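Visitor: This structure is in structure tokens; I'll ask about it shortly.
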Amino acid sequence: MRSRSSLPLLSLLFLATLYPSRPISASDEWQPITPEDMKMTTLPEAPGAPAVYLYRQVDRNDSERASTEYNYVRVKILTEEGRKYANVEIPFDKQIRVSNIRARTIRPDGTIANFNGKIYENTIVKSRTLKFLAKTFTLPDVQVGSIIEYHYNYDFEDYTLFNSSWTLSDQLFTKHAKFTLKPFSRDAWTVQWSSPAGLPVGTEPAKEGPDGVIRMTSNNIPAFQIEDYMPPENELKFRVVFTYYEERPESDVNKFWKKFGKTANDRAESFVGKRKAMEQAVAGVVSATDSPEVKLQKIYARTQQVRNLGYELEKSEQENKREKIKEIKNVEEIWKNGYGNGREITWLFLALARAAGFEASPCWVATRNNYFFRKERMNSHELNENVVLVKLNGKDMYFDPGAAFTPFGMLPWSETAVAGLKLDKDGGTWIQTSLPVSADSRVERTGNLRLTTDGTLEGKVTFTFTGLEASSRRVEERNEDDTNRKKFLEEQVKEYVPVGMEVELTNKPDWKNSETPLVAEFEIKVPGWVSAAGRRALFPAALFGASEKHMFDHANRVWPVYFYYPSKKIDDLSIQLPLDWQVTSIPKPIDKDAKAAEYSLNVENKNGTLHIKRELRSDLTMVPKEAYPALRSFFETVRSLDDQQIVLQPGGASASN
């Protein structure tokens, strides 16, 4: 990574057009503030806003191999609620370094308090389905009427220019914003740009100047609203996306992808073209008497045993030299060296499957965790993951063993139900990867519990995660130690229970095997689970319903609802009641089937032991905004049924009560 000076002279000169009250020099760190901005108490374009961006500036520099981006932010605090924006969050991911952070507060009387405090690195949770890393710090002495401002650099890894973009939408209304890009322009490289979600009203498209710098100005950009279970932000925000081409691209969409497909196929076939070596390798993996499915399972399992460098903690160049990590040039080298990155391991699976006699094709697909692919954009970098299509017993199946902890026959959720290109020498054909059903990815919670006379629920519960529910947790905790993994699982149990509890993990789950369920056993204690109602006691029917407690409780919705993958939750609990306690009322069995989602609850009393079975199935992925009322109604029903009470009569209580 390379650090750049915090403000290029070109950008400073360009900014002078916005604040012409005095000349700007390269030594200035801060832009001048107008009297009107100091006096502002409200902004008609953003009524009721707690704060607004007075000015934002983004200067992206892709001219070198390692891109950088300078950001300048100025915020006006308008209400008491707006003072929370003194707690600054600068989001980033692990491939980005944040540098040269400077910040200050301008008080309402014009005096200045510079920030000299500590900067932290945290994981920020924005919603139940959105979290990111952020540099965080708190600006001093922020009052209503204050202006806070800060600037910083993003330093990107090499060649991230292929993900170059400007993001116009942000958490607050933006009064003025300016954007520049100095593009990569060596040799025959060209750049084009588009706005997938359009541009704010009145914003002119970006234009390239005589100096080769691309510029755009935008005013009155609406605040971006974050909701739970929303599609990727990049799909919804006003953005300008830059696409680099090594040579001027085809204007015809079909010709563009045919050309890409031929080139990608040549590269893949060159990498896997070690037939003799692969035939020798696969002979030691499968037996002649194995069925086709068993053969492919053995090949998949053996491929996943290869050391996957892409899932390890990043190492320095010196560490790689000490380990003698070499660049992999073909599948034979992966097999001999015993390591490779995820893409190389997936191509190894392709080569071994072919060597075993399977009809197998290389494919490039577009993941759906950051954006939704559109071939009309003609951006080949959006086909960002490789998978293998295998014909097994007449059925097409997709595999990505280079995605660690992914079970046989499944793909990581972001690679499911997405478009891709099956490669061949003629340029390939478009495909759509499969979407698993809810039964493939389950959270099963079983328990043998007892209720004490003081209303405490305690005993043993077992959580069994299968399919994508298991693989996602294994990926998240892959580089953690046993202590952190234990804490992770215990916190997950607490998230499912709507009241305070004690929980202790009592086994050592298998974190490495992608084919087995992830099984975690716990001792739990939930004080006060039963509440008194006169001489009766009320026992809530759903112990693990907290995660649905506040789903979609807002009446209105801005964005479609987006579930990552279908899944199913199954609870099967036996609860022994105290001696002489009686069950006087239990909820009626219910099965609420809404086709794409289903909820069922059945409570039985068997000789002083309650047996509670609850299931919640979701085969939903994308729910349009227009269908939100029906979805919300379904989850209101789930909450209502979860809140049903089992009525108990403690021992010694009067039967008349």
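The values are calculated or read from the model by the stated rules, or taken from the named source; none is laboratory data. Only a predicted model underlies this, so the values are computations on that prediction, with no experimental measurement involved. When we count neighbours, we look across all protein chains shown, and the Cβ atoms used for this are built from the backbone with ideal geometry, even at glycine.
Per-residue answers, yes or no, for (1) modelled with pLDDT of 90 or more; (2) touching a Lys or Arg at 6+ places or on another chain (Cβ under 8 Å):
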residue: A86; (1), (2): yes, no
residue: R128; (1), (2): no, no
residue: F132; (1), (2): no, yes
residue: P140; (1), (2): yes, no
residue: D155; (1), (2): yes, yes
residue: Y159; (1), (2): no, yes
residue: W166; (1), (2): yes, yes
residue: S185; (1), (2): no, no
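Visitor: Could you grab the pairs with beta carbons closer than 7 Å, sequence gap of 6+ or different chains, first residue in the range 243-262 and closer than 24 Å to P183 by Cα and at pLDDT below 90, second one outside any helix (DSSP H, G or I) and small (G, A, S)?
Guide: E246/A188; E247/A188
Visitor: Only one residue in A134, A113 is in a strand (DSSP E or B), in contact with a Pro (Cβ under 9 Å, 6 or more places away or on another chain) and closer than 25 Å to Y229 by Cα, so which one is that?
Guide: Only one candidate passes the filter, namely A134.
Visitor: Being part of a loop (DSSP other than H, G, I, E, B) and at pLDDT 95 or above is the filter here; which residues of the range 587-611 pass it? Steps first, please.
Guide: Pass one, the range 587-611, residues part of a loop (DSSP other than H, G, I, E, B): 587-589, 594-596, 607-608.
P587, K588, P589, A596 - these are the residues of the range 587-611 that are part of a loop (DSSP other than H, G, I, E, B) and at pLDDT 95 or above.
Visitor: Right, next: If you go through the range 1-57, how many residues are at pLDDT 50 or above and either hydrophobic (A, V, I, L, M, F, W, C) or in contact with a Pro (Cβ under 7 Å, 6 or more places away or on another chain) (or both)?
Guide: 10
Visitor: Quick one: would you say V240 is closer than 17 Å to T167 by Cα, out of contact with any helix residue (DSSP H, G or I) (no Cβ under 9 Å at 6 or more places or on another chain) and surrounded by 13 or more Cβ atoms within 10 Å (Cβ to Cβ)? Even if it seems obvious, please write down each step before you answer.
Guide: Numbers: closer than 17 Å to T167 by Cα: yes; out of contact with any helix residue (DSSP H, G or I) (no Cβ under 9 Å at 6 or more places or on another chain): yes; surrounded by 13 or more Cβ atoms within 10 Å (Cβ to Cβ): yes.
Judged against the criteria, V240 is a match.
Visitor: Here's another thing I want to ask about it. Does V365 count as out of contact with any Pro (no Cβ under 9 Å at 6 or more places or on another chain) and of a type in the set (A, V, I, L, M)?
Guide: Yes; evaluated as a whole, the condition is true for this residue.
Visitor: On to the next question. Here are some conditions: (1) assigned by TED's automatic domain parsing to the domain that holds F358; (2) at pLDDT below 95; (3) surrounded by 13 or more Cβ atoms within 10 Å (Cβ to Cβ); (4) of a type in the set (D, E, K, R). E233 meets all but one. Which one does it not meet?
Guide: (1)
Visitor: Ok, one more. Hey, among V647, V623, which residue is surrounded by 18 or more Cβ atoms within 10 Å (Cβ to Cβ) and modelled with pLDDT of 95 or more?
Guide: Matching residue, one of V647, V623: V623.
Visitor: Another one. Go through the range 364-392 and report how many residues are over 23 Å from the mean Cα position of the chain (by Cα) and modelled with pLDDT of 95 or more.
Guide: 5
Visitor: Now a separate question. Of the residues S434, S472, S514, which single one is in contact with a Pro (Cβ under 6 Å, 6 or more places away or on another chain), within 30 Å of T346 (Cβ to Cβ) and of a type outside the set (D, E)?
Guide: S514
Visitor: Let me ask something else about it. Could you tell me whether K569 is in a strand (DSSP E or B), farther than 30 Å from F224 by Cα and either modelled with pLDDT of 95 or more or not assigned by TED's automatic domain parsing to the domain that holds G455 (or both)? It would help to see each step written out before you state the result.
Guide: Numbers: in a strand (DSSP E or B): yes; farther than 30 Å from F224 by Cα: yes; either modelled with pLDDT of 95 or more or not assigned by TED's automatic domain parsing to the domain that holds G455 (or both): yes.
Yes, satisfied.
Visitor: Consider the range 593-616. How many of its residues are of a type in the set (D, E) and either surrounded by fewer than 16 Cβ atoms within 10 Å (Cβ to Cβ) or not assigned by TED's automatic domain parsing to the domain that holds G545 (or both)?
Guide: 2
Visitor: Shifting gears a bit: Does V75 qualify as being among the β-branched types (V, I, T), in the same structural domain as W193 (by TED's automatic domain parsing), under 25 Å from M216 (Cα atoms) and touching a Lys or Arg at 6+ places or on another chain (Cβ under 8 Å)? I'd like the intermediate steps shown before the answer.
Guide: On the way: among the β-branched types (V, I, T): yes; in the same structural domain as W193 (by TED's automatic domain parsing): yes; under 25 Å from M216 (Cα atoms): yes; touching a Lys or Arg at 6+ places or on another chain (Cβ under 8 Å): no.
Criteria not met by V75.
Visitor: Also: Condition check: assigned to a loop (DSSP other than H, G, I, E, B) and aromatic (F, W, Y). Does Y229 satisfy that?
Guide: For Y229, the condition - assigned to a loop (DSSP other than H, G, I, E, B) and aromatic (F, W, Y) - is met.
Visitor: When you scan the range 352-370, do you find a residue that is within 18 Å of T416 (Cβ to Cβ) and among the aromatic types (F, W, Y), even just one?
Guide: yes
Visitor: Further, regarding this structure: Going residue by residue through the range 353-364, is there one that turns out to be part of a helix (DSSP H, G or I), touching a Gly at 6+ places or on another chain (Cβ under 7 Å) and of a type in the set (D, E, K, R)? Show your work before the answer.
Guide: Quick first cut of the range 353-364, residues part of a helix (DSSP H, G or I) only: 353-355.
Of the ones still in play, those that are also touching a Gly at 6+ places or on another chain (Cβ under 7 Å) are none.
The answer is no, given that none of the residues of the range 353-364 is part of a helix (DSSP H, G or I), touching a Gly at 6+ places or on another chain (Cβ under 7 Å) and of a type in the set (D, E, K, R).
Visitor: Which of the residues that make up the range 480-532 are without any contact (Cβ under 8 Å) to a residue 40 or more places away in the chain, aliphatic (A, V, I, L, M) and assigned to a strand (DSSP E or B)?
Guide: Result: V503, L505.
Visitor: Now for a different question. Among the residues of the range 626-644, which ones are in a helix (DSSP H, G or I) and surrounded by 16 or more Cβ atoms within 10 Å (Cβ to Cβ)?
Guide: The answer is Y628, L631, R632, F634, F635, V638, R639, L641, D642.
Visitor: Next question, about the same structure. Just to be sure I understand, how many residues within the range 538-579 are in contact with a Pro (Cβ under 7 Å, 6 or more places away or on another chain), farther than 19 Å from S640 by Cα and buried (at least 21 other Cβ atoms within 10 Å of the Cβ)?
Guide: 2
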